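S.K.: Here you go, one structure.
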Amino acid sequence: MAWSSKIGSKLIFVGETFIKINKRVYYIVLYMDNAENVLVWELLHKRSSDNILKVINTTISELGSTP
């Protein structure tokens, strides 16, 4: 996580892209607040809804209130 205490945010934006390193595909998923600060980023070996939802739920649990 990018913070040590709970933060307040009204919105969470999720962005993703893929990169290739040594012929292997990885996915970078970014979670940003309404001020466009990156809260969390994850490098995933496999893009799946389970992986993405896990990090979204972890991000939401660290917010001061649910967006």
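S.K.: For the stretch 17-34: of the residues being under 13 Å from the mean Cα position of the chain (by Cα) and surrounded by 14 or more Cβ atoms within 10 Å (Cβ to Cβ), which is modelled with the highest pLDDT?
M.R.: Result: TYR27.
S.K.: Find the residue count for the stretch 35-63, including only residues that are among the small types (Gly, Ala, Ser) and at pLDDT below 85.
M.R.: So the count comes out to 2.
S.K.: Could you please give the count of residues in the stretch 24-36 that are over 11 Å from ILE12 (Cβ atoms) and in a loop (DSSP other than H, G, I, E, B)?
M.R.: Residues flagged as over 11 Å from ILE12 (Cβ atoms) and in a loop (DSSP other than H, G, I, E, B) within the stretch 24-36 amount to 2.
S.K.: Applying the selection to the stretch 39-65, what residues are crowded, with 16+ Cβ neighbours inside 10 Å and polar (S, T, N, Q)?
M.R.: THR59
The values are calculated or read from the model by the stated rules, or taken from the named source; none is laboratory data. It should be emphasised that the depicted structure is a prediction, and the values quoted were computed from it without experimental measurement. When we count neighbours, we look across all protein chains shown, and the Cβ atoms used for this are built from the backbone with ideal geometry, even at glycine.
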